[in-house]
Each structure stands twice: as C-alpha cells, then as structure tokens.
Amino acid sequence: MSERVEEANPLATERIGRLMAKFSIPAIISMLVSSLYNIVDQIFIGQGVGMLGNAATNIAFPVSIICTATALLLGIGSASNFNLEMGAGQEKKACQIAATGLSLLVICGVIISIIVGVFLNPLLELFGVTPDVLPYAQDYTGITAVGIPFLVLTTGGNHLIRADRSPTYSMMCMLTGAILNTILDPLFIFGCNWGIKGAAWATVIGQMVSGMMVIVYFWKVRNMELTLSMLRPKGDFIRAIASLGMASCINQVSMAVVQITMNNTLRHYGALSSYGTDIPLACVGVISKVNMVFMAICIGTSQGCQPIWGYNYGAGKYDRVRKAYGLAFRAALLTGIIFCLCFQIFPRSIVGIFGGGSEAYFHFAERYLRIYMLMTFINGIQPMSSGFFTSIGKAQLGIVVSLTRQVIFLLPLIIIFPILMGIDGVMYAGPIADAAAALVAIGYALRELRKMKCCENFAG
C-alpha cells in the first residue's frame, strides 16, 4: 500500500525546491491576503476615521488572534496528521482525521461568534479599551463577530486544502475574499459614509465568500475520499489533531495574551508619559499590522513546507526533510533581513500609509518601529521551526518552541521593563525576546536534524 501511495504522490519524488515553490508561494499569498483583511481595514479606517479608529482595530485584534488560534489548532493539527498518515499509507484514517477537523472548525467558529456577541463589552474592557475608543471598538468588533465562523473555517480549511495537494485553490479562497474586502472598504467607508461600521461589514462579506469557497471545495472539488459519516467527530482523532495543532494554537493564544497585556501596559504608562493613552495604542495597532506582512511570508513558507516535511518524515525520507528545512531557514532569514532594513530606514513612510496624526504620534511610532523590530532579521526562524516540529510529529517540542518568544521571554519583559524604563520598556522588550527565541529554535532544530542524519547513516 505505502509503495503505491508513494509512486502516486509527488511529495516523495519531486525536486524539493520545485515542491517548495509549488506549495509555499500559494501559502505565502494566502497568508498575505489574510493579513490584508486587517491591513486594508487599518489603512482605510486611518484615512476615513482617524487615530481613534486605528486604536479600535488594535483593541479588537485579540479576537482575530483567538479565531486564528482555533483555526490553526484544528487546521494544522488535522492537516499534519493527514500528511503523516498518507505518508505511512493509511489513506482511510487520513481522510477520517481530515473530516473530523472540518466538523470541529464549523462548531468552534459558531461558539466563538456567540461568545464575542454576548460578552462584547467585558471583552473590550479586558483588551484595554479607553473611553474615547470604546464606541469605535464596539461597532467594529460587534459587526465582525458575525463573520467569525467563516473566518475560522477559511483559515483552518485552507491547511487541509493544501494538504490535499490543491495549494492554488487554497490561495484563491483567500484572494477572492481579500479583493472583495478591498473593493468594499472604500465604498462602504467613504461612499456610503458608514465609517468604521463600513470597514467591518466589508470584512465580514469577504470572509463569507472565502468560507463558501472552502465549503465548495470539500463538497465538489476535493481529492481525498470523504463521506458524510466521517464528519462525526471522534475522540481519538480529536486528540491526534489537538496534539499536532497545539503548538500553533498556543503561539497564537500567547500572542493574544501579550497583545492584551501590552495594551493595558501602554494604557497605564502612556497616561504617565507625554504621549497620553491613545497615541501608543494607535501606533502599536499600526505596527502590529505591518509586522503581520513579514510574519505572513515566514509562516506561509512554513505552511507550504508542512506537507513536504510531514509526508517524507512519515515515509522515512529524512534527507528530503532536512533539505526542505534548510531551504525554509534560508528563505526566512532573507525575508527578515529585507524587512529589518525597511523598518530601520523608512519608519515614518510606513506608518504614514495608515493615516496622519500629530508630531507626537509619528515620533512615538518611529521610535517604536525601529526599536521593537530591531531583530526582525531573525524573527521568522522561531515560527517556521515550530511548524517544522509539528509537521514531523514532535508535538511537545513544537509547543515549547511556540511558547518561547511570546510567553517565556516577551510577556515577562513587557511587565518588568516598563517598571524600570517607563513606556520605553515595551519597545526594548521586543528585540531581546526575538533574539532569545531564535537561538532556542535553532538549537532544537539542529538537534532534530542531527538525529535524522544519524538515522540515514544507520539505514545506509
């Protein structure tokens, strides 16, 4: 069985560089497009609503992160198991796991949407909202909650679509919704004069269209053999999915925790500084969206490699796994160097894309972008390596690496440093956490690659 599957699957035979281009480029585009939902909103809101609108999207950002965390838990977890089982020749089990993942994506998306709608005001207070920002945050977050089930299904389902060897369709799902969002944003914000509500409805409509395309794929287009009976979630498959999806989920959850902590820290120490409370919140919201573009490329590279890593590891082709990791590492490093130079040389121009503000606003934003993003050149290694460990079935190691930057290093630093340095402490916490996380990820990756090399030598 496994020999027949291997012959039919190009993941086992096609040149690694060509496979990475085939899978990673659509994955990168999908991630960039996903980022565009937030970035386009931020740009048009900045131009049409102003600084308080930008601050409102920053306050709402943890909801988006929580949705992404859930989608990655189920999407990456089911896709990784699917590839490993396919590599081992267990086709039926692979399809059953994929079906369980799809069902859970729909169920969890609906649950999150209801929770956000019912507990909107307490959540916004928890996320660090100020009185001036509150009405904008209520409008934006309350409306976008409607699209959460489609957002979760699209984000998670696209991992399964790529695992099913359809990376181009996955890309088109994200691209279609983002293009629609980009068209509707100015129409609703400026043409209909809906303000921040228009940006929210544009986002929801784009998410709905993308979600429907995912449904169409698994209903009509798929390569995997699915039946309705497989869609009933099973305990063993849920545990397997959670095991391999937990690293990516924890990474996103920790981002939400850090974002919430940072918002409250900025609100407190901003009030004690010359900037006030709203300027830091607005600036950090803008810069977090800019950083999403960089992370989209690094994570997209990792997601594109996951079918290659998982299938070949399951089939015992460790030389191909090692080569794919090496290429992904170099891609993440090169991307980081390019973005780091942009952040250091053009900070005011980058911030200015998202609308105007006072001189104090731009002064804070430029300093924050230069200092906080100082170690961007190595910042893609940690999330890429975490995806690598998950893909080869090293769930616990993936979780440890995913926790390093956000929880182990950054969270304590953004609490401790401001006590000593005021609001500047938040800025300096970023590069220190980035450097430490990258070193840990490289160390663990080298250890796993050496183990694979030893297995090759022993087999030879």
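The values are calculated or read from the model by the stated rules, or taken from the named source; none is laboratory data. A quick note: this is a predicted structure, and the numbers were derived from the prediction, not measured. Cβ: placed from backbone, ideal geometry, glycine included. Neighbour counts: every protein chain shown. We work out accessible area using only protein heavy atoms, side chains counted, and drop any ligands, DNA or RNA first. Shrake-Rupley method; radii C 1.70, N 1.55, O 1.52, S 1.80 Å.
Numerical summary
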quantity	calculated
Simple spin-label estimate for M212 and E359 in nanometres, 7 Å along Cα-Cβ	5.2 nm
Probe 1.4 Å, accessible area per residue of the chain, Å²	38 Å²
Segment 228-237 - phi-based ³J(HN,Hα) in whole Hz, Karplus 6.51/-1.76/1.60, Gly and Pro as x	4, 5, 6, 6, 6, x, 10, x, 4, 6
Heavy-atom accessible area order for F362, F377, largest first, 1.4 Å probe	F377, F362
Distance (nanometres) between label positions extended 7 Å along Cα→Cβ at S349 and T227	6.0 nm
For T404, solvent-accessible area (1.4 Å; no DNA, RNA or ligand), Å²	0 Å²
Computed [θ] at 222 nm, deg cm²/dmol, the chain (DSSP H ≥ 4; -39,500 (n - 2.57); rounded to nearest 500)	-27500 deg cm²/dmol
Rounded to 10°, Cα long-axis angle of helix 134-144 versus longest principal axis of the chain	30 degrees
Dipole magnitude of the chain, debye to nearest 20 (Cβ charges: Lys/Arg +1, Asp/Glu -1, about Cα centre)	1180 debye
Charge dipole magnitude, Cβ of K and R +1, D and E -1 - segment 246-459, Cα centre, debye nearest 20	760 debye
Degrees, to the nearest 10: 16-48 long Cα axis against longest axis of the chain	20 degrees
Pairwise FRET efficiency - N193 versus R367, Cβ, R0 = 45 Å, nearest 0.05	0.80
Using a Förster distance of 41 Å, the FRET efficiency for V118-D319 (Cβ separation, nearest 0.05)	0.20
Angle between the chain longest axis and helix 196-216 axis [Cα atoms, degrees, rounded to 10]	10 degrees
S273-R330 pseudo-label distance in nm [points 7 Å out on the Cα-to-Cβ vector]	4.1 nm
Farthest toward positive dipole pole in the chain [+1 Lys/Arg, -1 Asp/Glu at C-beta], among S30, Y428, P347	S30
Per-pair calculated FRET efficiency, R0 = 35 Å: K234 and A435 via Cβ, rounded to 0.05	0.25
Table column - 3J(HN,Hα) (Hz), segment 319-324, Karplus curve with 6.51, -1.76, 1.60, x for Gly and Pro	5, 6, 5, 5, 5, 5
Residue-span extension gain [N264 to I25] - 0.36 nm each, minus C-alpha spacing	82.3 nm
Candidate lysines - alpha carbon under 30 Å from K453, same-chain residues fewer than 8 apart omitted	K22, K93, K317, K323, K394
3J(HN,Hα) from dihedral phi, segment 295-306, Karplus parametrisation 6.51/-1.76/1.60, rounded to Hz, x for glycine, proline	5, 4, 5, 5, 5, x, 4, 5, 5, x, 7, 4
